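Each remark here refers to the structure printed beneath this line.
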Amino acid sequence: MAPDQSCYESLLVQFDVHLRTEGYAQKNSRVYIAQARRFLEYLAKHNIAVADTELTDVSRYLRNERQRYRRNHGHLPKSGYSLGSAQASSLHTLMRVIRGQWPPTAVPSTPTEVFQQQICQGYAQCLNDRGLAMETIAGRRNEGERFLRWLGERGGSVRMLDLTCELVDAYMTFRASTLSRRSRKSMACQLRSFLCYLHSNGRITRDLARLVIAPKLYALETIPSAFRDEEVRAIIEAARQDRSPKGLRDYAILLLLDTYGLRDLEVVRLQLEDVDWRTDRLYIRRSKTRSESILPLLSTVGEAILDYLRNGRPRTSGREIFIRSLAPYHRLSSLYQMIQDHLTQANIRPAGKHGAHAFRHARAISLLRSHVPLKQIGDILGHRSAASTMIYLKLATSDLRAVSLDIPVEVTSS
């Protein structure tokens, strides 16, 4: 049975307090609350309790809203996508405030699903005990879950024991149809790891991991994407001109990417205590190796960060240095869209990939051209082995041409 109107009013008050705490503008808060009120009235009309609300209920409500708009105006809103996104954002925020966990976690409904969930939890714990990075654990667990869902009832506690090579081949064929060669390689490695876990824990009787064949990828067969020096300068100069809070933030981030070649997550996870202003040091927690690097804080980078902290960073209890420019004021989830915006602003259309790693690769090239030893370049970039740094040698093609050897005439003649 759905709650009464007074209960919904208390939920709206709770929602209003959350929006104020997160720093939403008063105008936006009024819009969010109005949309939340309409949604709660919709739930009451259909006798749906908030505690029982599912994603399908939200989707159905948004679809009804678009139809209502069409009936009233004779057409869909011109910015229908933006309108729908704004409504969905307000409703998902409402549900997170009320329910805590949103979208709701799927609850296993059959013995097979319970069994598969236990396997995946144990697998993730095993990977964590081995010290793997969280991103690696998530990728391997996701592939394991995908494989078990594909198996369905064949992945139960009894039938899984006799898992066959033919079933594994069928799954790989199913998955490979939409993947590139490199992605198929990654998928095969993740599946091999999961099958090895199943066998070592007695879930399957045969060691099928060794039968999983991955596409052949040759070392250093591809050339990493990298920005040219003039492109980096144009991007940073365009960002430097923007004195808005967002501009101050982006300028500091771009300087970090250009100066130190940091990875995306290493920047967004950078915290206030990671900058030692007294000794001019920067502490970087490496996202791939779980190690920590101590780098000198160069004056230009330090001044840009300090300018942002004083004049651009929103007030928030979060410890991350770089915060969203719009409420809710949390840390950034990724730098990709920010970089794309500045590429557009600088009218740059680079070939190949152009995320944070393009700055990282550009920094590696500049260090190579400055005759910095590979070991030192690896230390700056946070590499564990020299092999990880060697790939950047392929990017300095102009330098390789400079040391090319002339072939004597007598050698070429026959």
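The values are calculated or read from the model by the stated rules, or taken from the named source; none is laboratory data. Just so it is clear, the model here is predicted, and its values are computed rather than measured. Cβ atoms come from the backbone with ideal geometry, glycine included; neighbour counts cover every protein chain shown. Protein only, heavy atoms only, side chains kept; ligands, DNA and RNA dropped before computing areas. Shrake-Rupley method; radii C 1.70, N 1.55, O 1.52, S 1.80 Å.
Among Thr316, Thr300, Thr178, the largest mean-square fluctuation in a Gaussian network model of the chain (Cα springs under 10 Å) belongs to Thr178.
Please state the equivalent ellipsoid semi-axes for the range 85-180: what are the square roots of 5 times the Cα gyration tensor eigenvalues, largest first, in whole Å? Don't skip to the answer; put the middle values down first.
Values: eigenvalues 171, 59, 57 Å².
For the range 85-180, the ellipsoid semi-axes come out as 29, 17, 17 Å.
Given R₀ = 41 Å, what would the calculated FRET efficiency be for Glu22 paired with Val158, taking r from the Cβ atoms and rounding to 0.05? Result of the calculation: an efficiency of 0.25. For Ser89, put the label point 7 Å out on the Cα→Cβ axis and report which residues of the range 19-58 keep their amide N under 20 Å from it. Residues 19-40, 58 fall inside that zone.
Please give me the summed charge of the neighbours of Ile235: other residues whose Cβ is under 13 Å from its Cβ, Lys and Arg +1, Asp and Glu -1. Intermediate results must be reported in sequence, preceding the final value.
Working: positive: Arg228, Arg233, Arg240, Arg349; negative: Asp229, Glu230, Glu231, Glu237, Asp242, Asp250, Asp258, Asp341.
Spelling it out: positives minus negatives among the neighbours equals -4.
Net charge dipole, the chain: roughly 680 debye, given to the nearest 20, about the Cα centre with Cβ charges of +1 for Lys and Arg and -1 for Asp and Glu. Once you have a ≥ b ≥ c as the square roots of the Cα gyration tensor eigenvalues for the range 1-156, tell me rounded if a/c is under 1.5, and otherwise prolate or oblate according to whether a/b is larger than b/c. Here the range 1-156 falls in the prolate category. Computed with the Debye formula from one identical point scatterer per Cα of the chain, without solvent, the log10 of I(q)/I(0) at q = 0.07, 0.09, 0.12 Å⁻¹ comes to -0.51, -0.83, -1.27.
Exceeding 32 Å between C-alpha atoms, which entries from my cross-link table qualify? They are Lys246/Lys375; Lys353/Lys375; Lys246/Lys353.
Working: Lys246/Lys375 36 Å; Lys353/Lys375 26 Å; Lys246/Lys353 24 Å.
From the list (Lys246/Lys375; Lys353/Lys375; Lys246/Lys353), the Cα-Cα distance tops 32 Å for Lys246/Lys375.
Each residue of the range 188-193 is assigned a 3J(HN,Hα), and the resulting list reads 5, 5, 5, 5, 4, 4 Hz, derived from the Karplus form 6.51 cos²θ - 1.76 cosθ + 1.60 (θ = phi - 60°), x at Gly and Pro.
The Cα center of the range 24-103 and the Cα center of the range 108-184 differ in position by 35 Å.
Rolling a 1.4 Å probe over the protein heavy atoms leaves Val267 with an accessible area of roughly 0 Å².
How big is the dipole moment of the range 200-329 about its Cα centre under a simple scheme where the beta carbon of each Lys and Arg is +1, that of each Asp and Glu is -1, and everything else is neutral? Debye, nearest 20, please. Before the final figure, lay out the partial values.
Numbers: 23 positive and 19 negative charges, 148 e Å.
Result for the range 200-329 is approximately 700 debye, rounded to the nearest 20.
Ranked by the mean number of other Cβ atoms within 10 Å of their residues, highest first, the peptides 88-97, 373-382 fall in the order 88-97, 373-382.
When nucleic acids and ligands are ignored and a 1.4 Å probe is applied, Arg233 ends up with an accessible area of around 120 Å².
Segment Ala170..Gln271, full-extension length gain: 31.8 nm, with 0.36 nm per residue of separation and the alpha-carbon distance subtracted.
Listed by chain and number, the aspartates and glutamates whose C-alpha is less than 17 Å from the C-alpha of Lys45, apart from same-chain residues fewer than 8 away, are Asp4, Glu9, Glu54, Asp57, Glu65.
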